[in-house]
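Structure, as structure tokens:
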Amino acid sequence: RFEEALQEARQVDKLLSEGPGVDYLEEKFPLLGVPITVKEAFCLHGMPNTSGLVSRRNVIATSDATVVSRLKQAGAIPLGVTNCSELCMWYESSNRVYGRTNNPYDLQRIVGGSSGGEGGVLAAACSVIGVGSDIGGSIRMPAFFNGVFGHKPTTGVVPNDGQFPNAHGARTNYLCTGPMCRYAEDLEPVLRVMAGPGVSKLKLNEKVSLEKIKFHCMDHDGGSVFVSPVDKEILQAQKKVVEHLESDLGVQVQRVAIHKMKYSFQIWSAMMSSKDSDGQEAQRFTDLLGDHGKPVWPLWELMKWLVGMSSHTLPAIALGLTERLVNLNLGGNAKLVSMGKSLQEEMEALLGTDGVLLYPSHPTIAPRHHSPICMPFNFAYTGEQLWLLRGAGRRPLDIRLVAAAYNDHLTLAVARYLEKAFGGWVLPGKV
């Protein structure tokens, strides 16, 4: 929507030249004139809202998602929408509607998913603020792979309305809408606008004393058989951060081993398919695939895909096949859901109101295109998401900061501190 954006920018110029004063404008329109982009899964009036699904190719948003509306009201100017994976359920942003998004630092590598288009467009300096969503790493992985900052807020603070697919049943406990930014200092003001009245649940006005934070560090998940070992360069980067925290702040970073983390993928899968408190079944992925069209049969789609005739991507077809297998193991799922609740309690006890955990966002740097098919469970490092999680750092290495619910102010403060200490976004071509 470049023409509309230019017209809105001229209106901002006019307002600045004729308006009531900068102080008034800054209070009323905190993001006045700031260019933003929006994950295509969210409604942006007049823009496509397909979520990479071919059967939705002609769907055009007739309204704005709640967060988009709030950003507009704060003065931000949307430039357009950005690519995602098919139905936002894979960590490579590629689909049959728009094709594949390439990493601006290395065109042979992925941008991550499902908010991968946002990560790529921010890294490429096309935009400074983006709207993303995250149910299994969809903000955090693209933030890491593209060397920008992403924040997954405490669940239930920022509204998820106006995106497709949206969460229903038990999944509402995991889907979060949040900001993605080139600079760490922008995360908090954008989060305030996105959250609206809900921001009162957070502690963003509390001053953070970094020296009083109880820092914890965990290098890997304990060795899951489904997941790649963490790259040595990622471990080295985390070690440098730990050493800096200890020398500069005078804190003692406590190494921890949370044994249940090695079952993150299994726990996440069970949580996604579990019933809610009212006994409502989780929405089936195959039903979402059939949106605006005929029912989808995954096995038949696989046959069609093998001869190049399916309108769906292989990861989407595979997910449709595996969800049936997951639903066959109801007893095992119940045990995993119980393990997940126990893991949440363990994390809450560890972190409390003043703790931050350093943990890798992904076991490898941005993978090459198609390689996620070979290691589909590597997203497990972000799949277990019962707490506030965010990725920070400079590509291709990052540090993820974890705090207990409603302690967003801690991770945001540490992100700003680490950006000053180690640097943040770097223009592609200068890395």
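The values are calculated or read from the model by the stated rules, or taken from the named source; none is laboratory data. Every value quoted in this text rests on a predicted model; they were computed, and no experiment measured them. No Cβ is skipped: glycine too gets one built from the backbone with ideal geometry, and neighbour counts run over all protein chains shown. Calculation scope for accessible area: heavy atoms of the full protein, side chains included, ligands and nucleic acids excluded. Shrake-Rupley method; radii C 1.70, N 1.55, O 1.52, S 1.80 Å.
Condition first: in a helix (DSSP H, G or I) and either among the acidic types (Asp, Glu) or open to solvent by 40 Å² or more (accessible area, probe 1.4 Å) (or both). Can you find one or more residues in segment 42-53 that meet it? Among the residues of segment 42-53, not one is in a helix (DSSP H, G or I) and either among the acidic types (Asp, Glu) or open to solvent by 40 Å² or more (accessible area, probe 1.4 Å) (or both), which makes the answer no. The single residue among ASN160, ASN95 that is in contact with a helix residue (DSSP H, G or I) (Cβ under 7 Å, 6 or more places away or on another chain) and either of a type outside the set (D, E, K, R) or outside the structural domain of LYS72 (by the TED database) (or both) turns out to be ASN95.
Residue-wise test of (1) surrounded by 15 or more Cβ atoms within 10 Å (Cβ to Cβ); (2) in contact (Cβ under 8 Å) with a residue 60 or more places away in the chain; (3) within 22 Å of the chain's Cα centre (by Cα).
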residue	(1), (2), (3)
SER228	yes, yes, yes
GLU233	no, yes, no
GLU243	no, no, no
GLY250	no, no, no
HIS259	no, no, no
GLN266	yes, yes, yes
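Can you tell me which of (1) hydrophobic (A, V, I, L, M, F, W, C); (2) under 21 Å from MET339 (Cβ atoms); (3) without any contact (Cβ under 8 Å) to a residue 60 or more places away in the chain is the one TRP305 doesn't meet? Among (1) hydrophobic (A, V, I, L, M, F, W, C); (2) under 21 Å from MET339 (Cβ atoms); (3) without any contact (Cβ under 8 Å) to a residue 60 or more places away in the chain, the lone unmet condition for TRP305 is (2). The residues on offer are VAL38, VAL68, VAL59, and the sole one that is touching a residue at least 60 places away in the same chain (Cβ under 8 Å), in contact with a Phe, Trp or Tyr (Cβ under 7 Å, 6 or more places away or on another chain), open to solvent by less than 50 Å² (accessible area, probe 1.4 Å) and in the same structural domain as GLU185 (by the TED database) is VAL68. Of the residues contained in segment 211-225, none is found to be in a helix (DSSP H, G or I) and either in contact with a Phe, Trp or Tyr (Cβ under 9 Å, 6 or more places away or on another chain) or open to solvent by less than 10 Å² (accessible area, probe 1.4 Å) (or both). Whether a residue is over 23 Å from ARG100 (Cα atoms) and assigned to a helix (DSSP H, G or I) was assessed, and GLU233 passes this test.
Exactly one of these conditions fails for GLU323: (1) among the acidic types (Asp, Glu); (2) modelled with pLDDT of 95 or more; (3) not assigned by the TED database to the domain that holds CYS217. Give me its number. Here GLU323 meets the rest and fails (2).
Scanning segment 92-105 for residues that are open to solvent by 10 Å² or more (accessible area, probe 1.4 Å), assigned to a loop (DSSP other than H, G, I, E, B) and not acidic (Asp, Glu) yields ARG96, VAL97, TYR98, THR101, PRO104, TYR105.
Is it true that SER127 is over 15 Å from the mean Cα position of the chain (by Cα), in the same structural domain as THR37 (by the TED database), open to solvent by less than 10 Å² (accessible area, probe 1.4 Å) and closer than 20 Å to ASN49 by Cα? Yes. One residue is enough: does segment 277-287 have a residue meeting the conditions assigned to a helix (DSSP H, G or I) and either of a type in the set (A, V, I, L, M) or over 30 Å from THR50 (Cβ atoms) (or both)? No.
So that you can scan it fast, the table gives a plain yes or no per residue for (1) surrounded by 24 or more Cβ atoms within 10 Å (Cβ to Cβ); (2) in a helix (DSSP H, G or I):
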{"position": "LEU87", "(1), (2)": "yes, yes"}
{"position": "LEU107", "(1), (2)": "no, no"}
{"position": "GLU118", "(1), (2)": "yes, yes"}
{"position": "SER133", "(1), (2)": "yes, no"}
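From the list LEU412, LEU418, LEU358, LEU386, the one residue that fits, being modelled with pLDDT of 90 or more and open to solvent by 10 Å² or more (accessible area, probe 1.4 Å), is LEU418.
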